[in-house]
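The values are calculated or read from the model by the stated rules, or taken from the named source; none is laboratory data. What you see is a predicted model; the values in this text were computed from it and never measured. Cβ: placed from backbone, ideal geometry, glycine included. Neighbour counts: every protein chain shown. Surface accessibility is based on the protein's heavy atoms, side chains included, excluding ligands, DNA and RNA. Shrake-Rupley method; radii C 1.70, N 1.55, O 1.52, S 1.80 Å.
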Amino acid sequence: MRIRPHVLASHTLLLLMLGLTGLARGAAPYSSTTGVADYAIVNARIYTQNDWTPWAHAMAVAGDKVIYVGEPEGDAWKAAVGPGTKVHDLQGRMVLPGLIDSHTHPGLVTLSSWHTILPWTMDPHEQLRFLAEWAKAHPNQPVIDAELYPTQMFGASGPSRQLIDQYVPDRAVIWEDFSGHSAVLNSKALKLMGIDRNTKDPEPGVRYFVRDAQGEPTGWAKENAYSDYLPKLYKAAKWAPPSRVSADSLARTLDFLTDNGVVAVFDARTEEGTFDALTQLEKANRLNLYYEGSVLLQSRLELESRLDLLRDWQKKYGSPHLRVNTLKLFLDGTNELETSSLLEPFAHDPAKRVDPRMSLDDLVSTLLVMNDRGVDLHIHMTGDRTFRTALDAVQEARKRLGEKWRIQVTFAHCELINDADFARVAPLGVLINWTPHWSGGYFQGVLETLGPQRHANLYRFQPIISLGGTMTFGSDTTTLYEWSRANPYFGMQIAHTRFDVEPRYQAYGMKAPASEMLQLPDLVRGYTRNAAKQLRLSPILGSLEPGKLASFVVLNQNLFEAPVDRIHETAPTAVVFEGRVIRGAL
Ligand SMILES: [Zn+2]
């Protein structure tokens, strides 16, 4: 029997599963009889993520599949392990199912390789002096994309073009904000893009050009309002950065994930060039993970055309390892930039009010259409009003669809949640996606925009887990600048301690409240089994049990025994993908 989690509240389901575990104790290990293993591991600490054998010491693999998980004894074990089976003694090492990064951007990371990386400092002049030197050393670079100025460097009033002009007046400069959602342009860039006092804002109050008292753009563009003007800039500058990733450059980016034992990713906004490169990698047998892409949806009006595009991509690129069955919607912006949608006014600018970028009615009808087409939805949201609106939409759509409800809806980021909404998550069957490495002091600037009370109540997910909700975890990395933070063990440590690993962010101390430190079993679950659910890969990945793929990692230390400030040093001694050892050795 397949229990549909949305019919039962998840905590009821959990109790059922615990009951099953109790019954199974002492019974024969969960196993299957599909042939004799090519190899087996023994003397391992396997954290299986299956409910029948949560911990095991032995596992047998035939071809690309697990055929046995349990103890190295009994009839089923003897049937699985024959004279030709190679047996590896793992000497007590910890084994996890292959990890899944359920929100990231490998294509964007790869495309960012031409950007200039600035030194980390709170002094804008120090960054800009570096940039001026860099520009002098690279005279043939007519457009410069500089990463990143700390968001809190300028506060809510923001930076200006004149500041950059003092240092680099002759080349177009895009100076990106740490939040990843805004940038400041110098006068040359504005000129080449044709942006002036008469330029309309793409989305007033959300995606817009900040103006001075005379109505002239200051250069600061929120929610990257300038991005539509980039083609014009490159044309005027007679230069363009690589616009499509190559198979080799993408493979180099993905290698880092493989090194860390990541066997599947969800790309939260895929460019078509990424699929081209992935197809080449798969044909050349160089793709060592499952890749679920997504198509960007910006409004209810374009829903049909985006669904058509998704179908086209499915036909063109769909393959065993490449899938695209999700639309990505930005329902608001960020709390740092006052582009989030809030229940209470902003602390810095109480007169400002931002509505969710899709109305409740439009969101409900979007869900109904997508449910009909069998396409899932991944929603970016940071404000508490956005979170509530999205829950309201799911509630209404489920009411109307009843038993026909089948769409999977994931809420990503969810930085600010009102207390009244925690208990609604599990019964509505929404998945909550979080970026563990943000849990410490990585992002700053919210104290000024939201005020001290809400600032002290950010990133609260323990109530969701305690109330039976399902959490999935990802790295949400968008540039090479932060790619090293896509390491899942690095993320686990920060979410477990709410304290960053990198000294530059440790200056902000531990992120309150301490009661929101996530527990390691919940973190592992969110990186494996729950993430497999989000990507609809549960039949093959997410746990180690007979019939599923033998995709797993052997770790250099036991996560539960490592000192908490050393969890980020966890690294695979072997990575196995579909039965093949692709890193290290067993
Ligand atoms: Zn993202």
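Quick one: dipole size for the chain, taken about the Cα centre, charges +1 on Lys/Arg Cβ and -1 on Asp/Glu Cβ, in debye to the nearest 20.
Using only the charged Cβ atoms, the result is roughly 1080 debye.
Using only the alpha-carbon atoms, how far is helix 10-24 inclined from the longest principal axis of the chain? Give it as 0 to 90 degrees, nearest 10.
Taking Cα atoms only, the helix is inclined about 20 degrees.
To test your reading of the geometry: what angle, between 0 and 90 degrees and rounded to tens, separates the Cα axis of helix 272-283 from the longest principal axis of the chain?
Here the helix axis deviates by roughly 30 degrees.
Quick check on my link table: of 235/316; 200/232; 222/328; 328/399; 328/533, which ones sit more than 27 Å apart, alpha carbon to alpha carbon?
Those over the limit are 235/316.
Would you mind putting 208-217, 496-505 in packing order, based on average other-beta-carbon counts within 10 Å, highest first?
Descending packing order for the listed peptides: 496-505, 208-217.
What order do you get for 525-537, 462-474 when each peptide is scored by the mean count of other beta carbon atoms within 10 Å, highest first?
Taking the mean over residues of other Cβ atoms within 10 Å, the ranking is 525-537, 462-474.
Which value, in debye to the nearest 20, describes the size of the charge dipole of the stretch 150-194 about its Cα centre when Lys and Arg Cβ atoms bear +1, Asp and Glu Cβ atoms bear -1, and nothing else is charged?
140 debye
Along the positive direction of the dipole of the chain (beta-carbon charges: Lys, Arg +1; Asp, Glu -1; about the Cα centre), which of 450, 581, 68 reaches farthest?
Working it through, the farthest residue towards the positive pole turns out to be 68.
So how tilted is helix 384-401 from the main axis of the chain? Cα-based, degrees 0 to 90, rounded to 10.
Compared with the principal axis, the helix lies near 50 degrees.
Could you tell me the center-to-center distance, by alpha carbons, between the stretch 71-147 and the stretch 214-279 in angstrom?
Cα centroid to Cα centroid, the span is 17 Å.
Which one, 535, 371, 183, is farthest towards the positive end of the dipole of the chain when Lys and Arg carry +1 and Asp and Glu -1 on their Cβ?
Working it through, the farthest residue towards the positive pole turns out to be 371.
State the answer as a single residue: which of 401, 427, 441 lies farthest towards the positive end of the charge dipole of the stretch 395-441, with beta carbon charges of +1 for Lys and Arg and -1 for Asp and Glu, about the Cα centre.
It is 401.
In sequence order, what are the phi-derived ³J(HN,Hα) couplings for the stretch 449-454 according to the Karplus relation 6.51 cos²θ - 1.76 cosθ + 1.60 with θ = phi - 60°, rounded to whole Hz, with x for glycine and proline?
Result, rounded to whole Hz: 7, 9, x, x, 5, 5.
Compute the label zone of residue 203 within the stretch 343-362: residues whose backbone N is under 15 Å from the point 7 Å along Cα-to-Cβ.
Label zone hits: 353-360, 362.
With the crude spin-label approximation of a point 7 Å out along Cα→Cβ, what separation in nm comes out for residue 419 versus residue 166?
4.7 nm
Based on Cβ point charges of +1 for Lys and Arg and -1 for Asp and Glu, what charge dipole magnitude is obtained for the stretch 70-162 about its Cα centre, in debye rounded to the nearest 20?
Dipole magnitude for the stretch 70-162 comes out near 280 debye.
To the nearest 0.05, what FRET efficiency results for residue 91 and residue 285 with a Förster distance of 25 Å applied to their C-beta separation?
0.20
Could you state the accessible area per residue of the stretch 46-177 in Å², with a 1.4 Å probe and every protein chain left in place?
I get 38 Å² per residue for the stretch 46-177.
Tell me, what is the per residue accessible area of the stretch 187-237 in Å², probe radius 1.4 Å?
Accessible surface, normalised per residue, equals 50 Å².
Sequence-distant or interchain residues sharing an amide H contact under 5 Å with residue 472, placed H: which?
So residue 472 has HN proximity to 432, 433, 434.
If you take every DSSP beta bridge whose two residues both sit in the chain, what share of them, in percent to the nearest 5, is antiparallel?
Of those bridges, close to 45 percent are antiparallel.
In deg cm²/dmol and to the nearest 500, what is the mean residue ellipticity at 222 nm of the chain if only DSSP H runs of at least 4 residues count, each as -39500 (n - 2.57), divided by the residue total?
Calculated mean residue ellipticity at 222 nm is -8500 deg cm²/dmol.
With all protein chains present, how much of the accessible area of the stretch 423-542 (probe radius 1.4 Å) comes from carbon and sulfur, to the nearest whole percent?
58 percent
Starting from the 7 Å offset along Cα-to-Cβ, what nm value, one decimal, do you get for the label separation of residue 368 and residue 243?
3.8 nm
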